[in-house]
1. What about TYR26, is it among the hydroxyl-bearing types (Ser, Thr, Tyr) and in a strand (DSSP E or B)?
2. Within the stretch 97-128, take every residue that is of a type outside the set (A, V, I, L, M, F, W, C) and touching a Ser or Thr at 6+ places or on another chain (Cβ under 6 Å) and give me the one that is farthest from ASP196 (Cα to Cα).
3. When you scan the stretch 130-164, how many residues do you find that are surrounded by fewer than 22 Cβ atoms within 10 Å (Cβ to Cβ), in contact with a Gly (Cβ under 9 Å, 6 or more places away or on another chain) and farther than 29 Å from LEU203 by Cβ?
4. When only residues in the stretch 216-267 that are under 19 Å from the mean Cα position of the chain (by Cα) and hydroxyl-bearing (Ser, Thr, Tyr) count, which is nearest to CYS111 (Cα to Cα)?
5. Would you mind finding the one in ASP63, ASP107 that is modelled with pLDDT of 95 or more and either in a helix (DSSP H, G or I) or closer than 26 Å to ILE256 by Cβ (or both)?
6. Applying the selection to the stretch 31-45, what residues are closer than 22 Å to THR143 by Cβ and buried (at least 24 other Cβ atoms within 10 Å of the Cβ)?
Amino acid sequence: MSTYAIEGGEAGKQRLDVLAAVMEPYTAWLLDTVGVARGSRCIDVGCGGGHVSRELARRVGPDGRVIGIDLDPDVVALARADARREGLTNLGFEVGDAAALDAGDNDVAYCRFLLSHVPRPGEVLETITATVRPGGAVILEDTHFAASFCYPESAAYQRSVQLYREIVSRFGGNADIGPGLPEHLRLAGVKDIGLDVCQPAALSGPAKLMTVVTLERIAWSVIGERLATPDELDSLVTALRDYYEDPTTLMSIPRIIRAWGRTRPAGSK
């Protein structure tokens, strides 16, 4: 069974477009803080629609290069098309498994919202870290889904959060992995670890819409695992849509933990 509980393909890419619109300023701050130099070699693992891959490609310039890797061939094809439209010749995409990467000499490895979906995140992170040269940067962003919130209280919102956390667990992941990212980095041999937390919330727009589209994209797996009936899901989506369209209500995305550090320089212990 796939380890990814969220629908992929074109529908999945549409959700990722919404998510990228929410996260763009926060991820830009993160890349500014860690530093991505012109001419750098970067790998974006679990790149999805390639939104951060394209941002990295713009930052490293024509003398750098970026590779985005994802399991979903349909999403990879859509990411390639976006990169071609933007004229980013220093950016390539590959279909591949984050748990089976070759060792490399990248200056930066970036990974957003992947480790929460894999059964053995520590092993996957060790593989990702091995793609980075000594002294290079490893940058992670992932969820603490239990910290999602809305106002005023909404039973439909809370049920959607419960279903997401449960379906990710059923597929072998942990939607609340975020606070553990620094420890995972430490165990992978990463040094000089930094930490930041962000949690976009809104009365309208993409940040508020994310809960609705995410529920729609996990419907197939929730029904398949018999966590909810089709009728219940239809009712939940309708209730969330009504809540989303009410300008007096507030919805957040999950709390996002961002952690980063440097691989050990050659010869260090």
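1. No, not satisfied.
2. GLY104
3. Counting residues in the stretch 130-164 that are surrounded by fewer than 22 Cβ atoms within 10 Å (Cβ to Cβ), in contact with a Gly (Cβ under 9 Å, 6 or more places away or on another chain) and farther than 29 Å from LEU203 by Cβ gives 3.
4. That would be SER252.
5. ASP107
6. ILE43, ASP44, VAL45, listed by residue number.
The values are calculated or read from the model by the stated rules, or taken from the named source; none is laboratory data. On a predicted model such as this, the values are computed, not experimentally measured, just so you know. Glycine gets a Cβ as well: all are built from the backbone with ideal geometry, and neighbour counts include every protein chain shown.
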